[in-house]
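Contents: one structure, followed by commentary.
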């Protein structure tokens, strides 16, 4: 039993939830709680009749494009604000405000700027993810011992070398946390963008079936989105283990 828990902790946690879900669904306590077998039946119907795989590919491409933009911009802002106090004083109010602001309120502005196409969806993904990445990278840079920076400069290291050899490796633990959280928020931005802007992809399907109160199809789409999020976070964790081998 201990070996099973060590090898498959997530499966061990999900199995009781799946059993309870199936039992509650078969009791027909509510029309909004279908059984898990009904949900998987609806998922197969979406695959065969509603082109779920095609919609998933389109959503994943938009998710990847927006997340890469957020990653590049967030890492740059985090390094600059963590390294230079003047920039931090200038940009911190904006970062703190955007971290607490409801991002869905900016969707109409995205439509005005980027139109009703995929540009708005990609921008929505980037907007949801960029600030949490920037804040965590900034915290990682600030956590570095200033003695290391002073020693590097005293030995004649350039700013680019300091960033590459000291700032980036030292900030990685907190930065990777922000990158993982940023991917989870990026999935939220994808759903918001597709559901509220263009009604395309998985978010558009979710809005369509949700408007028709088709609970089994809604749960099937939610499970699909959760799987995408878990796969993305799992891949980032794998990269994190490869990059931060000394952390063990």
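Kindly establish whether residue 65 is in contact with a helix residue (DSSP H, G or I) (Cβ under 8 Å, 6 or more places away or on another chain), over 20 Å from residue 144 (Cα atoms) and surrounded by fewer than 18 Cβ atoms within 10 Å (Cβ to Cβ).
Yes; evaluated as a whole, the condition is true for this residue.
Of the conditions (1) surrounded by 13 or more Cβ atoms within 10 Å (Cβ to Cβ); (2) modelled with pLDDT of 80 or more, residue 109 clears all except one; give me its number.
The number of the failed condition is (1).
Of all residues in segment 90-108, which are over 19 Å from the mean Cα position of the chain (by Cα) and closer than 23 Å to residue 168 by Cβ?
Selection gives 90, 91, 92.
Here are some residues: 201, 232, 211. Which one is under 27 Å from residue 102 (Cβ atoms) and crowded, with 24+ Cβ neighbours inside 10 Å? Walk me through how you get there before you give the answer.
On the way: 232 fails: crowded, with 24+ Cβ neighbours inside 10 Å; 211 fails: crowded, with 24+ Cβ neighbours inside 10 Å.
Matching residue, one of 201, 232, 211: 201.
If you take just the helices (runs of 4 or more DSSP H) that sit entirely in segment 136-235, which of them hold at least 3 residues that are farther than 28 Å from residue 30 by Cβ and either within 22 Å of the chain's Cα centre (by Cα) or at pLDDT 85 or above (or both)?
168-193
Within the set of pairs 6 or more residues apart or between chains, which connect a residue that is free of Cβ contacts under 8 Å to residues at least 24 places away in the same chain and at negative phi inside segment 68-92 to a residue that is buried (at least 20 other Cβ atoms within 10 Å of the Cβ) and in a helix (DSSP H, G or I) with Cβ atoms less than 8 Å apart?
87/81; 91/77; 91/81; 92/81
Is it true that residue 17 is assigned to a helix (DSSP H, G or I), farther than 22 Å from residue 235 by Cα and either in contact with a strand residue (DSSP E or B) (Cβ under 7 Å, 6 or more places away or on another chain) or at pLDDT below 80 (or both)?
yes
Would you mind stating whether residue 122 is in a helix (DSSP H, G or I) and in contact (Cβ under 8 Å) with a residue 12 or more places away in the chain? Steps first, please.
Working: in a helix (DSSP H, G or I): yes; in contact (Cβ under 8 Å) with a residue 12 or more places away in the chain: yes.
Taking the combined requirement at face value, the residue satisfies it.
Since residue 223 meets every condition but one in (1) closer than 30 Å to residue 33 by Cβ; (2) buried (at least 18 other Cβ atoms within 10 Å of the Cβ), which condition does it not meet?
The single condition residue 223 does not satisfy is (2).
Is it true that residue 5 is exposed (fewer than 13 other Cβ atoms within 10 Å of the Cβ), outside any helix (DSSP H, G or I) and at pLDDT below 85?
Here the answer is no, as residue 5 does not meet what is asked.
Testing residue 47 on (1) touching a helix residue (DSSP H, G or I) at 6+ places or on another chain (Cβ under 7 Å); (2) without any contact (Cβ under 8 Å) to a residue 12 or more places away in the chain; (3) not in a helix (DSSP H, G or I), one condition comes back false. Which one is that?
(3)
Filter segment 181-212 down to residues that are touching a residue at least 60 places away in the same chain (Cβ under 8 Å) and either over 16 Å from residue 59 (Cα atoms) or touching a strand residue (DSSP E or B) at 6+ places or on another chain (Cβ under 6 Å) (or both), then give me how many there are.
Adding up the residues that qualify gives 1.
Restricting to segment 236-248, and then to whatever is within 18 Å of residue 178 (Cα to Cα) and touching a helix residue (DSSP H, G or I) at 6+ places or on another chain (Cβ under 9 Å), can you tell me which residue is surrounded by the fewest Cβ atoms within 10 Å (Cβ to Cβ)?
Per the stated criteria, the residue is 247.
The values are calculated or read from the model by the stated rules, or taken from the named source; none is laboratory data. Since we're looking at a predicted model, the values are computed, not measured. Glycine gets a Cβ as well: all are built from the backbone with ideal geometry, and neighbour counts include every protein chain shown.
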